[in-house]
Amino acid sequence: MEVVIKNNVYTQLKEKVPGVIFFKPVVFILCLMPFFFLLLNAINNNLGPNPVEEMIRTLGDWGIYFLFIGLMISPVRKVFNVSWLSRYRRMTGLFAFFYVSIHFFSYIWFDQFFSLQDIVKDIIKRPFITVGFICYLLLVPLALTSTTGMMRRLKKNWGRLHKLVYPVSILALLHYFMMVKADFLVPGVMLIILSVLLGYRLVLSLKNKRKRT
Amino acid sequence: MIIRSASKQDIKPSEITTETDYLNRREFIKKSGILVGATWAGGLSIPALARPSDYGNDYPNLIKTAYGKGEKLTSFEDATTYNNYYEFGTGKKDPAKNSTHFKTAPWSITIEGEAKKTGTFYLEDILKQAQIEERIYRFRCVEAWSMTVPWVGFSLADMLKRFEPTSKAKYVQFETLYDPKQMPGQVRRVLDWPYRDGLRMDEAMNPLSFMATGMYGKELPNQNGAPVRLVVPWKYGFKNIKSIVKIKFMEHEPVCTWNVTGPKEYGFYSNVNPDVDHPRWSQATERALGSNFWEPKTKTRLFNGYGEQVAHLYKGMDLRKYF
């Protein structure tokens, strides 16, 4: 079902807004910018006195930002009636996975220096690392099943599986909260945003249920 | 402040050269930064060749001590742009940004509690009686980063003795200025202001305990706790309370801000200890400020390596219980 609708939207889009096809590479490059600037700053020794921390945190931040952007797409699309936005949902999701992956990889490399023993110990012993790790594990199947072929193969289950993005975003924010020492302002603002994004879906599903009964 | 004006009158041509060298040095660092950037893939880093005297000379008659002789110093740049000083914001760069207009003179300290000579004293009067010296100490933050700083200041014990604490004085509490107009971080109740911390009397009287008014041969930058801060190098950084306005001699263990915020995470003693982890992260290793991506973290030492001087203070105490 979803695939058919998607293709319909896509073909309609092609006819109505040919610019969308052109925009996609631009958006792609735009999404890579945070990574590009981080790399540039790292190469130029421009990440401050504690570059490893700066790098890992910046990557984590962008992981959360992209998760949130991804979650914004369907409400914004519906509220503002901009159907072409859904063309960018997969890309944002994959960028979230990209940033979280290098976030995790930077931790493995520059914080733990590939010491498997230390990493395992850390993941088991430190709740905030545990939460972050689980969050990453849950993201992997979403990234792996993001292709159109997988969508087609999984049919209804694809949608069910990809509902995992909700617990993932909650866990990602929990991971942030658990790291903070005293100032909860930034994750607090993120929590408000996430509450709106998830609350919207909750209200919508409740409405749908009522309609059916 | 007396110290400052005296040093200004005493300026010699040779010292002016030092200041020029200081400026040139930064330029040099900047340039080498670019160079390092270009050869980053090769894993090079800026060599830490700087000595305290390269940075400035606000204290021409400074007594150099044997403390920390030969230790590799953290750069002035790093030590002054990566700070935890929540009164000026919770980001590491916030204190340097938000403290530029902080007024540190005139400054007075109120002495209260179990001592014979209580009252309010001007800092300059306290400094007149103090022997100003330089000590290089390692500094270990509870967040598992570290630096090595040449502090300028005086012995805490020498100062405390002058107020003649009574036999009831078992502890000493310090308090930071509370002034939200000057300290924008205090507008929000991130911590239970004013910031307070304390020591047991024998800890305070230990020869290592130090009151810093300067660093790197210069007066203390505002973001580092000007005009006067505590330095107890065998304890985690947050015990080193900044911009002190009150010292109280007490019979009972004093309230400490971080201890109140997270009693399970930040104990009264907060001695550096690689075997007692913070509940959320390991304290076994630390990252020296200024180290690049390829440099391994260093192993944290019990009492930050000052066991010889302070271990006897905790004889027979379970350091897991009294963390």
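The values are calculated or read from the model by the stated rules, or taken from the named source; none is laboratory data. From a predicted model like this one, the values you see are computed outputs, not experimental measurements. Neighbour counts run over all protein chains shown; Cβ positions are idealised from the backbone, glycine included.
Quick one: residue A:211 ticks every box in (1) assigned to a helix (DSSP H, G or I); (2) surrounded by 11 or more Cβ atoms within 10 Å (Cβ to Cβ); (3) without any contact (Cβ under 8 Å) to a residue 40 or more places away in the chain bar one, so which box is it?
Among (1) assigned to a helix (DSSP H, G or I); (2) surrounded by 11 or more Cβ atoms within 10 Å (Cβ to Cβ); (3) without any contact (Cβ under 8 Å) to a residue 40 or more places away in the chain, the lone unmet condition for residue A:211 is (2).
Among the candidates B:121, B:102, B:139, which residue alone is modelled with pLDDT of 95 or more, within 14 Å of another protein chain (Cβ to nearest Cβ), out of contact with any Leu (no Cβ under 8 Å at 6 or more places or on another chain) and not in a helix (DSSP H, G or I)?
B:139
Residue under question is residue B:257, and the condition is that it be hydroxyl-bearing (Ser, Thr, Tyr), in contact with an Asp or Glu (Cβ under 7 Å, 6 or more places away or on another chain), surrounded by 19 or more Cβ atoms within 10 Å (Cβ to Cβ) and within 22 Å of residue A:53 (Cβ to Cβ); does it hold?
Details: hydroxyl-bearing (Ser, Thr, Tyr): yes; in contact with an Asp or Glu (Cβ under 7 Å, 6 or more places away or on another chain): yes; surrounded by 19 or more Cβ atoms within 10 Å (Cβ to Cβ): yes; within 22 Å of residue A:53 (Cβ to Cβ): no.
So residue B:257 does not fit the description; no.
In the list A:74, A:83, which residue meets the criterion of being surrounded by fewer than 16 Cβ atoms within 10 Å (Cβ to Cβ) and hydroxyl-bearing (Ser, Thr, Tyr)? Spell out how you get there, then give the answer.
Values: A:74 fails: surrounded by fewer than 16 Cβ atoms within 10 Å (Cβ to Cβ).
Exactly one residue qualifies, and that residue is A:83.
Under the condition of being touching a His at 6+ places or on another chain (Cβ under 7 Å) and either of a type in the set (Val, Ile, Thr) or more than 14 Å from chain B (Cβ to nearest Cβ) (or both), which residue from the stretch A:48-71 is surrounded by the most Cβ atoms within 10 Å (Cβ to Cβ)? Can you show your working first?
Just the residues of the stretch A:48-71 that are touching a His at 6+ places or on another chain (Cβ under 7 Å), to begin with: A:56, A:59-60, A:63.
This time we only want the ones that are either of a type in the set (Val, Ile, Thr) or more than 14 Å from chain B (Cβ to nearest Cβ) (or both), so: A:56, A:60, A:63.
Working: A:56: 20, A:60: 22, A:63: 27.
The extreme case among them is A:63.
Across the stretch A:145-156, what is the number of residues that are surrounded by 11 or more Cβ atoms within 10 Å (Cβ to Cβ) and either part of a helix (DSSP H, G or I) or basic (Lys, Arg) (or both)? Show your work before the answer.
Filtering the stretch A:145-156 for residues surrounded by 11 or more Cβ atoms within 10 Å (Cβ to Cβ) gives A:145-148, A:150-155.
Restricting the remaining residues to those that are either part of a helix (DSSP H, G or I) or basic (Lys, Arg) (or both) gives A:148, A:150-155.
Total meeting the criteria: 7.
Quick one: in the stretch B:287-303, of everything that is within 23 Å of residue B:318 (Cβ to Cβ) and touching a Ser or Thr at 6+ places or on another chain (Cβ under 8 Å), which residue is surrounded by the most Cβ atoms within 10 Å (Cβ to Cβ)?
Initially, the stretch B:287-303 is screened for residues within 23 Å of residue B:318 (Cβ to Cβ), giving B:299-303.
The next check asks that each one be touching a Ser or Thr at 6+ places or on another chain (Cβ under 8 Å); those that pass are B:299-300.
Values: B:299: 9, B:300: 19.
Among those residues, the one meeting the criterion is B:300.
Does residue A:133 qualify as being at pLDDT 95 or above, touching a Cys at 6+ places or on another chain (Cβ under 9 Å) and either among the basic types (Lys, Arg) or surrounded by 16 or more Cβ atoms within 10 Å (Cβ to Cβ) (or both)? Give the derivation first.
Working: at pLDDT 95 or above: yes; touching a Cys at 6+ places or on another chain (Cβ under 9 Å): no; either among the basic types (Lys, Arg) or surrounded by 16 or more Cβ atoms within 10 Å (Cβ to Cβ) (or both): yes.
It is false that residue A:133 is at pLDDT 95 or above, touching a Cys at 6+ places or on another chain (Cβ under 9 Å) and either among the basic types (Lys, Arg) or surrounded by 16 or more Cβ atoms within 10 Å (Cβ to Cβ) (or both).
Can you work out which of the residues in the stretch A:41-71 that are outside any helix (DSSP H, G or I) and within 23 Å of residue B:281 (Cβ to Cβ) is nearest to the chain's Cα centre (by Cα)? Reasoning before the result, please.
Looking only at the stretch A:41-71, we keep the residues that are outside any helix (DSSP H, G or I), and these are A:44-50.
The next check asks that each one be within 23 Å of residue B:281 (Cβ to Cβ); those that pass are A:47-50.
Values: A:47: 24, A:48: 27, A:49: 29, A:50: 26 Å.
Applying the filter and picking the extreme gives A:47.
In this structure, is residue B:64 surrounded by fewer than 17 Cβ atoms within 10 Å (Cβ to Cβ) and closer than 20 Å to residue B:195 by Cα?
No, not satisfied.
Condition (residue is under 21 Å from residue B:58 (Cα atoms), buried (at least 18 other Cβ atoms within 10 Å of the Cβ) and among the acidic types (Asp, Glu)) applied to the stretch B:141-151: is it met by at least one residue? Step through it out loud before you land on a result.
Start the filter on the stretch B:141-151 by keeping residues that are under 21 Å from residue B:58 (Cα atoms), which leaves B:148-151.
Then keep just the ones that are buried (at least 18 other Cβ atoms within 10 Å of the Cβ); that gives B:148-151.
Next, only the ones that are among the acidic types (Asp, Glu) stay: none.
Among the residues of the stretch B:141-151, not one is under 21 Å from residue B:58 (Cα atoms), buried (at least 18 other Cβ atoms within 10 Å of the Cβ) and among the acidic types (Asp, Glu), which makes the answer no.
In the stretch B:175-220, what residues are touching a helix residue (DSSP H, G or I) at 6+ places or on another chain (Cβ under 7 Å) and aliphatic (A, V, I, L, M)?
Matches in the stretch B:175-220: B:183, B:190, B:191, B:204, B:205, B:208, B:211, B:215.
If we scan the stretch A:112-121, do we find a residue that is touching a strand residue (DSSP E or B) at 6+ places or on another chain (Cβ under 8 Å) and free of Cβ contacts under 8 Å to residues at least 12 places away in the same chain? Write out each step before concluding.
Initially, the stretch A:112-121 is screened for residues touching a strand residue (DSSP E or B) at 6+ places or on another chain (Cβ under 8 Å), giving none.
Within the stretch A:112-121 (the criterion being touching a strand residue (DSSP E or B) at 6+ places or on another chain (Cβ under 8 Å) and free of Cβ contacts under 8 Å to residues at least 12 places away in the same chain), the answer is no, since none of the residues qualifies.
Taking the stretch A:177-207 as the region of interest, how many residues are in a helix (DSSP H, G or I), within 14 Å of chain B (Cβ to nearest Cβ), out of contact with any helix residue (DSSP H, G or I) (no Cβ under 7 Å at 6 or more places or on another chain) and not small (Gly, Ala, Ser)?
Initial filter on the stretch A:177-207 (in a helix (DSSP H, G or I)): A:177-179, A:185-207.
Those left that are additionally within 14 Å of chain B (Cβ to nearest Cβ): A:177-179, A:185-189.
Those left that are additionally out of contact with any helix residue (DSSP H, G or I) (no Cβ under 7 Å at 6 or more places or on another chain): A:185-186, A:188-189.
Retained after the next criterion (residues that are not small (Gly, Ala, Ser)): A:185-186, A:189.
Residues meeting the conditions: 3.
Just one of A:81, A:45 is within 14 Å of chain B (Cβ to nearest Cβ) and farther than 27 Å from residue A:133 by Cα; which is it? Explain how you work it out, then say what you get.
Details: A:81 fails: within 14 Å of chain B (Cβ to nearest Cβ).
Selected residue: A:45, the only one of A:81, A:45 that is within 14 Å of chain B (Cβ to nearest Cβ) and farther than 27 Å from residue A:133 by Cα.
Output the residue which, of all residues in the stretch B:264-280 that are over 20 Å from residue B:198 (Cβ atoms) and acidic (Asp, Glu), is surrounded by the most Cβ atoms within 10 Å (Cβ to Cβ).
Looking at the filtered set, the residue picked out is B:277.
Return yes when residue B:81 is surrounded by fewer than 19 Cβ atoms within 10 Å (Cβ to Cβ) and more than 14 Å from chain A (Cβ to nearest Cβ) and no when it is not.
no
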